[in-house]
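Each value in this text was obtained by applying a stated rule to the coordinates, not by laboratory testing. Every value quoted in this text rests on a predicted model; they were computed, and no experiment measured them. Cβ sites come from the backbone with ideal geometry, for glycine too, and all protein chains shown count toward neighbours.
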Amino acid sequence: MFAHGQTVIQIMEQLAPKHLAMENDKIGLQLGTLQKEISKVLIALDVTDKVVDEAIALGAELIIAHHAIIYRPLAKLDTSTPAGKLYEKLIKHDIAVYIAHTNLDTAEGGINDWMADLVGIVREGRASLEVVHTDKLYKLVVYVPAPHQEAVQQAIWNAGAGATGNYSCCSFSSEGTGTFLPGDHAKPFIGKQGQLEHAAEVRLETIVPQSLQRKVVQAMIKAHPYEEVAYDLFPLENTGTSYGLGRVGKLPEPIKLGGLAELVKQAFDVPAVRLVGDPDSVVRKAAVLGGSGGRYVKHALFAGADVLITGDIDYHTAHDALAAGLSIIDPGHNVEKIMKPRVADWLSAELGKRKYQTTAIASGEDTEPFRFI
């Protein structure tokens, strides 16, 4: 059985939730339809003419890419232009294009974490360069007949509620008596129409992050025996999990800048890097950011990093960093290609867990526009 297009995206958004994207970022479905079964998904960094040909040859009905193919509203669709020809080819072969951009950068276990892992930044104490989203927390209170407390509680936990710090399955319960009067058209689980009922109930309280609120409430209602479920959601002042762009942290051991540059070349499979700083200087703390990271020089300095590893550094930014004492290793924007095999492996595994025959395949096309000679 192949997965429906919407199902594939629902799974993908568990890795890269849409609410983690930067404001006005061009993410989500950009072309085609998800109202169809998907046998193959092609995972790409960029959607180029060769990548589309690759998708056609593979028989892929969906491309999940990191970089958008539509950046601004289209005034017209001229199929004589390079972009128009690309859209036309995708439409003619019924290939949908879905974009996961800054939400995949920001997500825990996304591009910036993969980059940090490859560079060797230790996980303990690792932080974001810039926080862009903090999950608000809510207290969920629901009243459950005592014999059904465990079932409702487990459903809530399974949906992701009750987690705080390094602890899970956190809740509080107290016993009491609930009263209700079923109306003429009610179908009460306990009691009878027209008779005031007193039921032994449990007040169950737990914490729910805003991002999981809908999922948790749906799971709770499904597990609850009552026709009408009494529950409340209270906003809390407590801060939830924070998500951000870039990563910064300590390296396992000090390393010379030149040695780290060689490591970056190997880790990201690039023929060369641009280096700002003294190759013999010692690096203890490093920052990484996928894509264009020029505007994060100040963030890296504030975080105490010795070096910023990112792409698209311009001449004047390089001078500013050098004057401020921050080294830079620029391996190019295209190092984000590391997302292709990782997303493909993750998505294929998640589809397999659900018994779908749909597979995700990493694009083999090199979309690096620059060549080193």
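Summary table below
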item: Sequence-distant residues sharing a close amide H with residue 180 (under 5 Å, placed H); result: 197
item: Neighbour net charge for residue 283 - beta-carbon separation under 9 angstrom, K R +1, D E -1; result: +2
item: Sites residue 154 and residue 175, calculated FRET efficiency, Cβ-Cβ separation with R0 25 Å, nearest 0.05; result: 0.85
item: Where a label projected 7 Å from the Cα of residue 1 along Cα→Cβ would reach, residues of the range 21-35 with amide N under 19 Å; result: 35
item: Semi-axis lengths (Å, descending) of the ellipsoid that matches the C-alpha gyration tensor of the chain; result: 46, 29, 16
item: Potential lengthening between residue 166 and residue 298 on full extension [0.36 nm per residue; Cα-Cα distance subtracted]; result: 44.4 nm
item: Modelled FRET efficiency - R0 56 Å, residue 198 with residue 366, Cβ distances, 0.05 increments; result: 0.20
item: Rough spin-label spacing in nm, given labels placed 7 Å along Cα→Cβ, for residue 234 and residue 35; result: 4.4
item: Packing-based ranking, highest mean first, of 166-174, 107-115 given that Cβ atoms within 10 Å are counted; result: 107-115, 166-174
item: Charge dipole (debye, nearest 20) of the range 132-243; +1 at Cβ of Lys and Arg, -1 at Cβ of Asp and Glu; result: 300
item: Burial ordering of 88, 23, fewest other beta-carbon atoms within 10 Å first; result: 23, 88
item: Exposed-loop-free span, longest in the chain, where trypsin sites (Lys or Arg not before Pro) count as exposed if DSSP calls them loop and at most 12 other C-beta atoms lie within 10 Å; result: 193-353
item: Net charge, residue 182 excluded, C-beta distance under 15 Å - Lys, Arg +1, Asp, Glu -1; result: -2
item: Antiparallel DSSP beta bridges within the chain, as percent of all bridges there, nearest 5; result: 70
item: Label-to-label distance, nm, for residues given as residue 122 and residue 81 (7 Å Cα→Cβ offset); result: 5.2
item: Amide H contacts under 5 Å for residue 283, placed H, 5+ residues apart; result: 255, 256, 257
item: Estimated inter-spin distance, residue 314 and residue 218, nm [label 7 Å along Cα→Cβ]; result: 4.5
item: Residue order, fewest to most surrounding Cβ atoms within 10 angstrom, among 359, 164; result: 164, 359
item: Theoretical FRET efficiency, 1/(1+(r/R0)^6), r = Cβ-Cβ of residue 57 and residue 26, R0 22 Å, to 0.05; result: 0.25
